[in-house]
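In what follows, a single structure is set out as structure tokens and then discussed.
Read-outs throughout are calculated quantities, based only on the coordinates presented, and are distinct from any laboratory measurement. Everything numeric in this text was worked out from a predicted model, so none of it was measured. Backbone-built Cβ (ideal geometry, glycine too); neighbour counts: all protein chains shown.
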Amino acid sequence: MSAVICGTGSYAPGYVMDNDRIAELVETSDTWIRERTGIRQRHIAKAETTTYMAAEAAKKAIEQAGISPEEIELIIMATLSSDIILPCSACEVQKEIGAKNAAAFDINAACSGFVIAYNMADAFFAAGQFKTALIVAAESLSHLTDWTDRNTCILFGDGAGAAVLKNSPGKHFLSVTHSDGEKGWTLTCKNRLGTNAEGEKFSREFYIDMNGQEIFKFAVRKVPELIREVLQKNGVQQEEITWFVMHQANCRILEAVARHIGEPSWKFPMNLQHYGNTSSASIPILLDEINRQGKLKKGDKILLAGFGAGQTWSGNILVWDM
Ligand code: ACO
């Protein structure tokens with residue numbers, strides 16, 4: 001038995017910000033951004049909240065799965081940009097979609113969040129706890145972005161993606177997850193303003209801060225290792241994988257990973273040109289897009305890989321069964 005996707009959904013805010021608009025805010029250009037990242041535009045939340053986007057994506061996934069919200073037993077929401085600290089976003093989504101029988105909680109593993117949420121649901125299934133789950137990832141990264149910092153504001157976008165999982169017969173694949181807290185400094189957001197225990201006011205750096213080159217090196221080194229480890233752990237040959245669905249950080253990272261493992265880049269679907277980097281939401285948004293485009297065929301083996309702040313990286317294999 002293993003966790004099988006039986007419905008996907010996604011949501012992107014209506015406001016689209018192209019590279020020319022960013023070039024009005026900081027010293028950059030459409031050409032520079034496209035050549036270094038592949039990004040042409042991103043969707044930016046205005047009225048939409050993280051919870052709203054997550055609930056919209058979830059409703060589409062539930063509709064495609066053909067189940068009622070009451071059948072969902074578990075909701076895991078991946079986000080690093082929840083609207084509020086308490087209650088957690090997963091409980092807010094539970095309320096919005098009427099999944100009143102679900103257990104719900106959030107995880108924050110940055111851009112690896114959706115893959116780790118899938119792994120957790122799969123592990124709950126394998127332990128005999130829960131048979132139907134909703135995993136959802138949503139981000140409002142524009143609220144954490146310093147729009148005067150050209151190193152970061154060109155990269156990120158907002159949006160949400162979701163999948164309904166069912167425990168179904170079939171080979172159980174083992175997942176791989178790693179972290180390296182020593183490298184946490186490469187991507188931070190110390191987004192807290194408050195008062196410490198002595199009553200002193202403190203304010204820390206409020207926005208996403210990134211060492212782009214360190215992140216680039218990390219991704220290009222660790223993701224090929226991750227792919228090989230996932231394949232080896234499951235006794236799967238690389239040529240059996242139909243699609244490599246990766247976190248959508250940067251086209252140069254994805255092309256370098258494809259080169260490193262000797263695969264053509266068309267096996268690495270990309271939509272970051274339209275969305276920018278939506279952190280945990282990027283993989284489910286892409287999965288929903290290629291699912292609804294009819295690119296995924298029953299029996300396709302898909303290797304998912306997330307990588308990002310923490311540093312964290314995680315991968316698994318799923319067999320498409322829709
Ligand atoms: N527009 C124009 N020039 C710029 C910009 C910009 N937006 N940003 C930096 N520059 C300049 C720099 O000041 C520098 O100028 P100098 O040579 O005069 O000093 C020059 O361009 C080169 O800067 P680098 O930082 O060396 O540029 P690099 O080629 O490394 O590209 C980038 C920067 C795109 C951020 C790259 O490092 C990258 O993609 N890193 C990965 C980061 C990432 O994906 N982060 C997402 C979050 S983590 C995750 O999702 C995994």
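Here the range 205-298 yields Rg over Rh of 0.99, to two decimals, using C-alpha coordinates and the Kirkwood radius. Placing a label point 7 Å from the Cα of residue 1 along the Cα-to-Cβ line, the residues of the range 125-159 whose backbone N sits under 17 Å from it are 125-134. Beyond 14 Å, how much of the Cα-Cα pair distribution for the range 115-177 remains, as a whole percent? Summing the P(r) tail past 14 Å for the range 115-177 gives 65 percent. Convex hull volume of the C-alpha atoms in the chain, normalised per residue: 137 Å³. Kirkwood-type hydrodynamic radius, the range 66-192: 16.1 Å, calculated from all non-identical alpha-carbon pairs. In the chain, the calculated helix contribution to ellipticity at 222 nm averages -9500 deg cm²/dmol per residue, counting -39,500 (n - 2.57) for every DSSP H run with n ≥ 4. Where both bridge residues fall in the range 171-322, DSSP classifies roughly 80% of the beta bridges as antiparallel. The listed peptides 154-165, 16-27, 44-55, 213-224, ordered by packing as a protection proxy, come out as 154-165, 44-55, 213-224, 16-27 (highest mean of other Cβ atoms within 10 Å first). For the listed residue pairs 171/295; 222/301; 131/222; 60/95; 171/297; 59/171, the alpha carbons are over 24 angstrom apart in 131/222; 59/171. By the combined test of axial Cα extent (at least 18 Å) and Kyte-Doolittle hydropathy (mean at least -0.5), the qualifying DSSP H helices of the chain come to 50-65, 113-126, 212-234. Peptides 167-180, 64-77, 126-139, 285-298 ranked from most to least packed give 126-139, 64-77, 285-298, 167-180, packing being the mean of other C-beta atoms within 10 angstrom over each peptide's residues. Take every pair of alpha-carbon atoms less than 8 Å apart whose residues are at least six positions apart; their mean separation over the length of the chain yields a relative contact order of 26 percent. In the chain, the DSSP beta bridges split such that about 70 percent are antiparallel, to the nearest 5.
Taking 4 °C and 1.567 mPa s as conditions, the range 51-129 diffuses translationally at an estimated 101 µm²/s according to Stokes-Einstein applied to its Kirkwood radius (Cα pairs). Taking 0.36 nm per residue of separation and subtracting the current Cα-Cα distance, fully stretching the chain between residue 95 and residue 46 would add 15.4 nm.
Here the extension length gained between residue 30 and residue 209 equals 62.3 nm, from 0.36 nm per residue of separation less the Cα-Cα distance. Working from Cα pairs under 8 Å separated by at least six residues, relative contact order for the range 1-134 is 27 percent.
What is the distance in Å between the Cα centroid of the range 85-144 and that of the range 217-286? Cα centroid of the range 85-144 versus Cα centroid of the range 217-286: 23 Å apart.
Roughly what % antiparallel, to the nearest 5, for the DSSP beta bridges in the range 241-319? Among the beta bridges of the range 241-319, antiparallel pairing accounts for roughly 65 percent.
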